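The values are calculated or read from the model by the stated rules, or taken from the named source; none is laboratory data. All of these numbers come straight from a predicted model, not from anything done at the bench. Don't worry about glycine lacking a Cβ; one is built from the backbone with ideal geometry, like all the others, and counts go over all protein chains shown. We work out accessible area using only protein heavy atoms, side chains counted, and drop any ligands, DNA or RNA first. Shrake-Rupley method; radii C 1.70, N 1.55, O 1.52, S 1.80 Å.
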Protein chains: 4
Amino acid sequence: MPYRFEPGRIYRMPTHFGPAPGPRQMPAEAKGDPTKSPRKTLISASFLTEGSALERHIPERFTLAGDPVVTIEFHYMTHIDWLAGRGYTMIHVWWPVVFKGDRDRVIGRFLAVMWENLADPIITGRGEIGQPKLFADIPEPRLMDGVYHCEASWMGFKFLEVQVKECLEQDLAPTLQLEGTLMLKYVPRTGAWGEADICQVSFTPAISPNLTVESYKTASGSVTFHRAAWQDLPTMYHVINALADLPVLSAHAASIATTRGGKSYLDQRILE
Amino acid sequence: MPYRFEPGRIYRMPTHFGPAPGPRQMPAEAKGDPTKSPRKTLISASFLTEGSALERHIPERFTLAGDPVVTIEFHYMTHIDWLAGRGYTMIHVWWPVVFKGDRDRVIGRFLAVMWENLADPIITGRGEIGQPKLFADIPEPRLMDGVYHCEASWMGFKFLEVQVKECLEQDLAPTLQLEGTLMLKYVPRTGAWGEADICQVSFTPAISPNLTVESYKTASGSVTFHRAAWQDLPTMYHVINALADLPVLSAHAASIATTRGGKSYLDQRILE
Amino acid sequence: MPYRFEPGRIYRMPTHFGPAPGPRQMPAEAKGDPTKSPRKTLISASFLTEGSALERHIPERFTLAGDPVVTIEFHYMTHIDWLAGRGYTMIHVWWPVVFKGDRDRVIGRFLAVMWENLADPIITGRGEIGQPKLFADIPEPRLMDGVYHCEASWMGFKFLEVQVKECLEQDLAPTLQLEGTLMLKYVPRTGAWGEADICQVSFTPAISPNLTVESYKTASGSVTFHRAAWQDLPTMYHVINALADLPVLSAHAASIATTRGGKSYLDQRILE
Amino acid sequence: MPYRFEPGRIYRMPTHFGPAPGPRQMPAEAKGDPTKSPRKTLISASFLTEGSALERHIPERFTLAGDPVVTIEFHYMTHIDWLAGRGYTMIHVWWPVVFKGDRDRVIGRFLAVMWENLADPIITGRGEIGQPKLFADIPEPRLMDGVYHCEASWMGFKFLEVQVKECLEQDLAPTLQLEGTLMLKYVPRTGAWGEADICQVSFTPAISPNLTVESYKTASGSVTFHRAAWQDLPTMYHVINALADLPVLSAHAASIATTRGGKSYLDQRILE
């Protein structure tokens, strides 16, 4: 007898061996605790760019919101419950947008691209959430003379460097009230090359009641994307080069934070 | 102005930076040559198991075909054109099946699970083709006293070991005429946990006119999957344990081959 | 003109490009600060074994001191000044001994073996200090349900697992007053196989005035060395198997600490 | 009873667990076969530089011999017997010299520096042979449009790139008759900083009767060393920068070869 899908359980490819354990479906023995997991060092820098340049990289039904500021965040995570206490690192690149759909209207972070240094959350995040995750080697941050050096590379090509230093000057810019994070879940249609089977706006509400910010420091920072040839980054040179081509008009807010806790994104939903 | 998707071009998440370079969409400068790329050492072993045990791991509309033989293949690849000459390794686990759909009827390899040691082809293969690819660390094969030792692990947990030794006895078992490779492309529905947005039978025709087998040797081999606890393999212990639980009734055909050339899978299609 | 060695400067192979930068010879721009570098999480466990078994693994002129207790320490280090802010991990295995030389008499830790997950400090430590360092893959510790899981492997063979959990019961055993750390610096003689060019007792005084212990917790722990075949660990199976063969009579003190600062070991000296 | 060193056996730190298995001391079960192990792809390129620049990087008692040509070799090895069938990669950098000692006079390759991507042979080679080995990440060569791309990096900093393409023009330059390979074995003296415990000229005779060259093709090539800041390569920026500063007057011979077999270097000896 072939297997049948159990109702109400999350599956991923390969589906043939039962429901798939992961961040949103942990076995009982995992004892996940969203108030404690993960521990995170979050290093962030941002820059002001030209709206017209940024606009070319948002999908239809989106418009830029507020200043065209690109933020790069390095999330160095440890003690992740669904990985049985292991860690990995995420990079987020986002800017503020408004989404106006037929039903929904949301102002939020447009999550343009992510990199992670572990394949497992890339697989779960792309399929279950629609996060635009790619792989990169991301070493631990270097701390030298008070400066955090964060970087990412692929097969020996360093494509992103961020430097952040604690700095007492407060960033007083009025900030938009962002309702959450927006992304475009997209899966191509097999065989009908150029068509899509899934092309949806996916949304993570901002609320995260189990998250504790343990420390937060304002900082100053700089961001550099290094242009790549096809042979340097054969699956993503177009992404890096588009980001490298954004004019850096000025550095914006940066920060260094440590946090504890988080959420499983079971509140993720598709907007219309 | 937000961007629009260019018609006829393949996109992947993130879609915001243009069509995605990859195995099925190479830039002109790549000069892909399917008669030369990739070079491959293909080490394969198989075992006879119980049909009733195997049947639990095939989806509806599939039935087992011929003997219930599970084959494990290690494809050690180098000089891959779409990766600008780099290499990586794939593992395929398959057994013979018949698919009977409303329209299509195909006898072929049921590709139950794959592992690869590079995230990029995992991302392209899952999204564009529907291959059930997971990540593993896969070192180069060890050759000692004429025995090839192939293995795969995840974060230090070795879950698969295959040993293969050249052996002159010919394997004379009559083999099924397999028309290609079958897999289940599955993408969960965001927010509607437990439902699927995509659940399709995806098919790779067997034909590969640019493939040259440069050497082929029959061999004898053994296969061992090591059972894992959740904390050893928190995203795939259920896969490994299901495979480890298949009774090994006897060793079947094994082989050691070297090949050159391949195809881009643009002939992949969805069965109905 | 061939080069000449500059007097008073430390060299390492290759010597042909000038004095060698490293932990004991940093360029001025490095701004090393021994009160801040490195940051360390130190996880330690120990066990009581049989003195007669341990005695076989100490050199001549050494005797065991106090209880035959083997301690395993994992030093997870970050922000190391001489590595420009990078980190790496050390494992120490030691037990208490007395060294009685012609001139010196010292009671201290006998550093039987070390593992590190970075080649550079292995090279500097073996050559400049005489530390018995070998290479291992050492992932970040996993923290699950309050238990730290520390491990080490080589090419996929996990040879050491240590689990440590915070525990309020104080370890009240009277401890020896250890004057520092003792090791045997040994370099074989090229061509005269079986002879030694260097065979010296090297000593690190315990004093480390720039070290700050930021937190310290008593704990309970367990230690497991996994026996290896030659083909698993072809350069060090004899080390692992000797340690695995030590009887574990009972668990002894364990701890979890965080520290800041350290020293460069310029006070290292040869005993006689 | 403390242990005693067994006469005639090779030891390495840590010496406390018995004689050390390695390339020159394999257990019986290893069944080393120097006619088959290792298999090697050897990619080589060279360039003519200024003798006066090169001379600054040879020790006393050495003089340059013939043209001041620097050769860089990448030895991609697999199926190494003493590693139980595993592989790793070596890089050699050498130029021709004459050594005139009190007793010995040898014309040979001056092995200025080596890099390897595995710590174990670094440890054995430095201690037993005196090879000036450092660690680097060395990926498999990329082959694209007939060009082999070889490279080496450390913690994400790419310091060496070599490109080699098969080329029928024969290199007809008369070549020196080299008797073997020369290196300086150097071990600093612990505690007496700036002094040396070992400073010897170590020599590998050229003879290697079990080596079979299976293919050999002349080629043309290019070599690039990338200058590094201290923070890029904190333990070896001085080495890279010295090599990067050598003027490249013209490209010289390059080659692509595959070989089988080798030797254990038990014929290594100290010159005087």
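What's the number of the condition B:Leu64 fails, among (1) open to solvent by less than 10 Å² (accessible area, probe 1.4 Å); (2) within 10 Å of another protein chain (Cβ to nearest Cβ); (3) within 26 Å of B:Ser220 (Cβ to Cβ); (4) free of Cβ contacts under 8 Å to residues at least 60 places away in the same chain?
(1)
Within the set of pairs 6+ apart or on separate chains, which have a first residue in segment B:144-158 that is small (Gly, Ala, Ser), a second that is modelled with pLDDT of 95 or more and open to solvent by 20 Å² or more (accessible area, probe 1.4 Å), and C-beta atoms under 6 Å apart?
Going by the 6 Å Cβ cut-off, the qualifying pairs are B:Gly146/B:Lys165; B:Ser153/B:Asp137; B:Ser153/C:Gly156; B:Gly156/C:Lys158.
Evaluate the following for A:Val201: is it out of contact with any helix residue (DSSP H, G or I) (no Cβ under 7 Å at 6 or more places or on another chain), among the hydrophobic types (A, V, I, L, M, F, W, C), over 27 Å from B:Ser264 (Cβ atoms) and surrounded by 19 or more Cβ atoms within 10 Å (Cβ to Cβ)?
yes
Answer yes or no as to whether A:Pro209 is in contact with an Asp or Glu (Cβ under 8 Å, 6 or more places away or on another chain) and away from chain B (no Cβ under 12 Å).
No.
Cβ-Cβ under 6 Å, sequence separation 6+ or interchain: first residue in segment A:70-82 and under 18 Å from A:Ala152 (Cβ atoms), partner among the small types (Gly, Ala, Ser) and open to solvent by less than 10 Å² (accessible area, probe 1.4 Å). Which pairs?
A:Thr71/A:Ser46; A:Ile72/A:Ala45
B:Asp232: among the acidic types (Asp, Glu), closer than 23 Å to A:His16 by Cα and open to solvent by 40 Å² or more (accessible area, probe 1.4 Å), yes or no?
no
Could you give me the residue pairs with C-beta distances under 7 Å whose first residue belongs to segment C:1-27 and is within 7 Å of another protein chain (Cβ to nearest Cβ) and part of a loop (DSSP other than H, G, I, E, B), whose second residue is crowded, with 22+ Cβ neighbours inside 10 Å and of a type in the set (Lys, Arg) wherever it lies, and which are 6+ apart or on separate chains?
What qualifies is C:Met13/D:Arg126.
Condition check ((1) open to solvent by less than 10 Å² (accessible area, probe 1.4 Å); (2) of a type in the set (Phe, Trp, Tyr); (3) touching a His at 6+ places or on another chain (Cβ under 6 Å)) across all residues:
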{"position": "A:Phe159", "(1), (2), (3)": "yes, yes, yes"}
{"position": "A:Lys165", "(1), (2), (3)": "no, no, no"}
{"position": "A:Gly180", "(1), (2), (3)": "yes, no, no"}
{"position": "A:Lys185", "(1), (2), (3)": "yes, no, no"}
{"position": "A:Thr190", "(1), (2), (3)": "yes, no, no"}
{"position": "A:Asp197", "(1), (2), (3)": "no, no, no"}
{"position": "A:Glu214", "(1), (2), (3)": "no, no, no"}
{"position": "A:Phe225", "(1), (2), (3)": "no, yes, no"}
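Go through segment C:125-151 and report how many residues are at the interface with another protein chain (Cβ under 7 Å from one of its Cβ atoms) and in a helix (DSSP H, G or I).
Matching residues across segment C:125-151 total 4.
Only one of these conditions is not met by C:Gly85: (1) surrounded by 22 or more Cβ atoms within 10 Å (Cβ to Cβ); (2) in contact (Cβ under 8 Å) with a residue 12 or more places away in the chain. Which number is it?
(2)
Quick one: A:Ile256 ticks every box in (1) crowded, with 19+ Cβ neighbours inside 10 Å; (2) closer than 30 Å to B:Asp197 by Cα bar one, so which box is it?
Condition (2) is where A:Ile256 drops out.
Starting from segment C:254-272, take each residue that is touching a residue at least 40 places away in the same chain (Cβ under 8 Å) and more than 20 Å from C:Glu166 (Cβ to Cβ) and list its partners that are in a strand (DSSP E or B) and of a type in the set (A, V, I, L, M), counting only C-beta distances under 6 angstrom and pairs at least six apart or across chains.
Partner pairs satisfying both residue conditions: C:Leu271/C:Val201.
Select, from C:Thr218, C:Thr204, C:Thr181, C:Thr235, the only residue that is more than 12 Å from every other protein chain (Cβ to nearest Cβ) and out of contact with any Lys or Arg (no Cβ under 7 Å at 6 or more places or on another chain).
Answer to the selection: C:Thr218.
Scan segment C:32-61 for residues that are within 17 Å of the chain's Cα centre (by Cα), open to solvent by 10 Å² or more (accessible area, probe 1.4 Å) and of a type in the set (Val, Ile, Thr) and jot them down.
Scanning segment C:32-61 gives a single hit, C:Thr41.
Touching an Asp or Glu at 6+ places or on another chain (Cβ under 9 Å), among the acidic types (Asp, Glu) and either open to solvent by 20 Å² or more (accessible area, probe 1.4 Å) or modelled with pLDDT under 95 (or both): is that true of D:Glu272 in this structure?
Criteria met by D:Glu272.
Which of the residues that make up segment C:79-119 are among the aromatic types (Phe, Trp, Tyr) and more than 14 Å from the chain's Cα centre (by Cα)?
Listed by number, the residues that qualify are C:Trp82, C:Phe99.
Here are A:Ala53, A:Ala45: which of them is away from every other protein chain (no Cβ under 13 Å) and farther than 25 Å from A:Thr124 by Cβ?
Only one candidate passes the filter, namely A:Ala45.
Every residue in segment D:222-232 that is touching a helix residue (DSSP H, G or I) at 6+ places or on another chain (Cβ under 6 Å) and at the interface with chain C (Cβ under 9 Å from one of its Cβ atoms), please.
D:Trp230
May I ask you to say which residue of D:Pro247, D:Pro234, D:Pro205 is on the phi < 0 side of the Ramachandran plot and free of Cβ contacts under 8 Å to residues at least 12 places away in the same chain?
Matching residue, one of D:Pro247, D:Pro234, D:Pro205: D:Pro234.
Any residue at all in segment A:96-113 that is within 14 Å of chain C (Cβ to nearest Cβ) and either modelled with pLDDT of 95 or more or touching a His at 6+ places or on another chain (Cβ under 8 Å) (or both)?
No, segment A:96-113 contains no residue that is within 14 Å of chain C (Cβ to nearest Cβ) and either modelled with pLDDT of 95 or more or touching a His at 6+ places or on another chain (Cβ under 8 Å) (or both).
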